[in-house]
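The values are calculated or read from the model by the stated rules, or taken from the named source; none is laboratory data. As the structure is a computational prediction, the values presented were derived from the model and not from experiment. Glycine gets a Cβ as well: all are built from the backbone with ideal geometry, and neighbour counts include every protein chain shown. For accessibility, only protein heavy atoms count, side chains too; no ligands or nucleic acids. Shrake-Rupley method; radii C 1.70, N 1.55, O 1.52, S 1.80 Å.
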Amino acid sequence: MGLIARSIEEAGIPTLTLTSALSITRSVNPPRAAFLDYPLGRTAGPPHAPAVQRRILLDALTGFETITEPGGFIELDHAWSGNDDWKEAVMRPQGARAGS
C-alpha cells in the first residue's frame, strides 16, 4: 500500500496507511502511516465491533494533522487484548494454528 500511497500523493491527494506491519511499512516508506499493534488482517479492529473500528479510524485520521515529516507515523494507543499472548498464537506455523 505504501507504494500506491506515494503515487497518489504525487497526484496531489494526501494519503494515510493504517498498518499492523510496522517493519514492512517502514521499508516501503509511505507518506504517512498509523501503526496499530493488532494481528495482521485485523488492522481496523475486531470483527463485529463497529464502535472500536470507528474509534481506530478516527484516531488514525489524526495523522493528517500530526504527521509533519514525509514517511512519518503515529502509533495508535489501542490494545488487541489485555496481554500479548495473542502474538504467540499468530506467530506459530499455519498447521499449528489450525490444530494439525
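Results for (1) of a type in the set (D, E, K, R); (2) in contact with a helix residue (DSSP H, G or I) (Cβ under 7 Å, 6 or more places away or on another chain); (3) more than 23 Å from D84 (Cα to Cα), shown as yes or no for each residue.
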| position | (1), (2), (3) |
| --- | --- |
| M1 | no, no, yes |
| E10 | yes, no, yes |
| T17 | no, yes, yes |
| L22 | no, no, no |
| F35 | no, yes, no |
| A44 | no, yes, no |
| V52 | no, no, no |
| T62 | no, no, yes |
| E65 | yes, no, yes |
Quiz item: Within segment 20-39, which residues are under 11 Å from the mean Cα position of the chain (by Cα), buried (at least 17 other Cβ atoms within 10 Å of the Cβ) and part of a loop (DSSP other than H, G, I, E, B)?
Solution: S20, L36, Y38
Self-check item: Subset of segment 27-60 [touching a residue at least 40 places away in the same chain (Cβ under 8 Å) and farther than 10 Å from L76 by Cβ]
Solution: N29, P30, P31, R32, A33, P39, L40
Exercise. Would you point out the residue of segment 46-84, among those that are assigned to a loop (DSSP other than H, G, I, E, B) and charged (D, E, K, R), that is least open to solvent (accessible area, probe 1.4 Å)?
Key: D84
